[in-house]
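First up is the structure itself, then whatever we jot down about it.
The values are calculated or read from the model by the stated rules, or taken from the named source; none is laboratory data. For clarity, every value in this text was computed on a predicted model and none was experimentally measured. Backbone-built Cβ (ideal geometry, glycine too); neighbour counts: all protein chains shown.
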Amino acid sequence: MLADKTNAVLLQEMAHRTKNNLAILSGMIRLEARHGGPEVAAALEATARRLQVMRRSTTISQSRRTRAR
């Protein structure tokens, strides 16, 4: 029972850190996009959007796991 709770807390923490890291990367990429030319900026913005999608999917999968318990 304690092992299950410990596992759940660790999974939540991992999901939280993953989301934070993806948000930080997205922000850093957007900052770089401001300083590049139009083509570079467009490519970096597309990458930042992909990271945001990954962040949202992490949130969705985490909420599904939480409800399943």
Is it the case, given these coordinates, that R49 is surrounded by 11 or more Cβ atoms within 10 Å (Cβ to Cβ), at pLDDT below 90 and basic (K, R)?
no
Can you spot a residue in region 7-17 that is surrounded by 14 or more Cβ atoms within 10 Å (Cβ to Cβ), modelled with pLDDT under 95 and touching a helix residue (DSSP H, G or I) at 6+ places or on another chain (Cβ under 8 Å)?
yes
Give all pairs with beta carbons closer than 9 Å in which a residue from region 4-27 that is within 13 Å of T66 (Cα to Cα) meets a residue that is surrounded by fewer than 12 Cβ atoms within 10 Å (Cβ to Cβ) and polar (S, T, N, Q); count only pairs at least 6 apart in sequence or on separate chains.
A15/S61
Subset tally (residues that are touching a Lys or Arg at 6+ places or on another chain (Cβ under 9 Å) and free of Cβ contacts under 8 Å to residues at least 12 places away in the same chain) for region 28-51
1
